[in-house]
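In what follows, a single structure is set out as structure tokens and then discussed.
The values are calculated or read from the model by the stated rules, or taken from the named source; none is laboratory data. Quantities reported herein were computed from a predicted structural model and do not represent experimental measurements. Neighbour counts are summed over all protein chains in view; Cβ atoms, including those assigned to glycine, are modelled from backbone coordinates with ideal geometry. When the accessible area is computed, the model is the full protein with side chains, heavy atoms only, and any ligands, DNA or RNA have been set aside. Shrake-Rupley method; radii C 1.70, N 1.55, O 1.52, S 1.80 Å.
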Amino acid sequence: MAELATLEDPRAREVNAKHGDDHGVNLSKLRAVANRLKTQQELARQLWDTEDTAARLLALLVCRPKAYERDELDLMLREARTPKVHDWLVNYVVKKNAHSEDLRRSWSADPDPVVASAGWALTTERVKRKPEGLDLAGLLSVIEAEMREAPDRLQWAMNACLAQIGIQHAEHRIRAIDIGERLEVLKDYPTPPNCTSPFAPIWINEMVRRAGGA
């Protein structure tokens with residue numbers, strides 16, 4: 001914790017605050033600390049228990065993802081209220097854990113939109129990697145009915161799922177693009193030069209073009 005304190009950078013804190021994160025540690029420097037520490041599960045749990053955002057990010061880098069039980073991950077997600085901790089927990093830990101599918105189902109139906117967004121993130125991963133058994137048409141129907149009015153983090157996660165269904169599954173592409181065009185979610189999102197817009201119709205068409213598809 002003393003070492004993390006020495007890495008505090010007011011400029012990094014200012015930038016992170018714009019994204020809803022309450023820490024001032026440069027992430028490249030944080031990763032360098034993690035690389036030195038290697039995997040240390042007990043240390044990871046101790047860092048998490050500090051409730052400090054930078055410490056929790058470090059915990060997620062040095063933990064052993066498969067060592068966590070289902071209920072432990074569920075509690076951690078509900079405690080992870082800053083966007084970066086939430087994202088790293090889902091992407092670096094839950095996706096690699098044996099309970100990921102059970103948690104995906106549970107979180108997707110959770111009344112807390114931040115928790116539900118994690119379920120949708122895991123669903124998007126399955127759309128890309130292991131779509132067998134998913135009701136893609138049903139997912140599109142839920143997105144069509146709920147995405148426009150969803151809170152920001154949930155809306156973003158549902159939009160990513162919509163885009164990946166259109167990108168990965170040609171048989172659903174026309175419908176996915178149509179839903180995106182009608183709902184207009186993230187249509188006006190400011191996109192830097194040389195980056196792809198998160199507006200689903202543009203995103204889908206660009207990724208398909210790059211892959212050489214029709």
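Size descriptors for the chain, from the alpha-carbon set: Rg then Dmax equal 18.4, 55 Å. What pairs from Lys96/Lys128; Lys38/Lys84; Lys18/Lys96 go past 26 Å between their alpha carbons? Where the Cα-Cα span goes over 26 Å, the pairs concerned are Lys18/Lys96.
Its Cα gyration tensor gives the stretch 172-213 an equivalent ellipsoid; the semi-axes, largest first and in whole Å, are 17, 16, 4. When Arg153, Arg148, Arg56 are compared by accessible surface with a 1.4 Å probe, the order from highest to lowest is Arg148, Arg153, Arg56.
Apolar share of the accessible surface for the stretch 64-214: 51 percent from carbon plus sulfur atoms, 1.4 Å probe.
Per-residue 3J(HN,Hα) values for the stretch 40-46, derived from phi via the Karplus relation 6.51 cos²θ - 1.76 cosθ + 1.60 with θ = phi - 60°, read 9, 5, 5, 4, 4, 5, 5 Hz in sequence order (x marks Gly and Pro). Bridging of Lys29 to aspartates and glutamates at a Cα separation below 19 Å is possible for Glu3, Glu8, Asp9, Glu14, Asp21, Asp52, Asp87, once same-chain residues fewer than 8 apart are set aside.
The distance between label points at Glu206 and Arg70 comes to 3.9 nm (points 7 Å beyond Cα on the Cα→Cβ vector). Other residues within the sphere of radius under 10 Å centred on the Cβ of Gly24, judged by their own Cβ, net out at -3 (K and R +1, D and E -1). Accessible area per residue for the chain is 54 Å², calculated with a 1.4 Å probe on protein heavy atoms, without ligands, DNA or RNA. Using a probe of 1.4 Å, the accessible surface attributed to Ser108 totals some 40 Å² when neighbouring protein chains are kept in position. In this calculation the C-beta distance from Glu14 to Asn35 is compared with R0 = 35 Å, giving a FRET efficiency of 0.85. With a cut-off of 13 Å between beta carbons, the residues surrounding Pro83 carry a summed charge of +1, where Lys and Arg count +1 and Asp and Glu -1.
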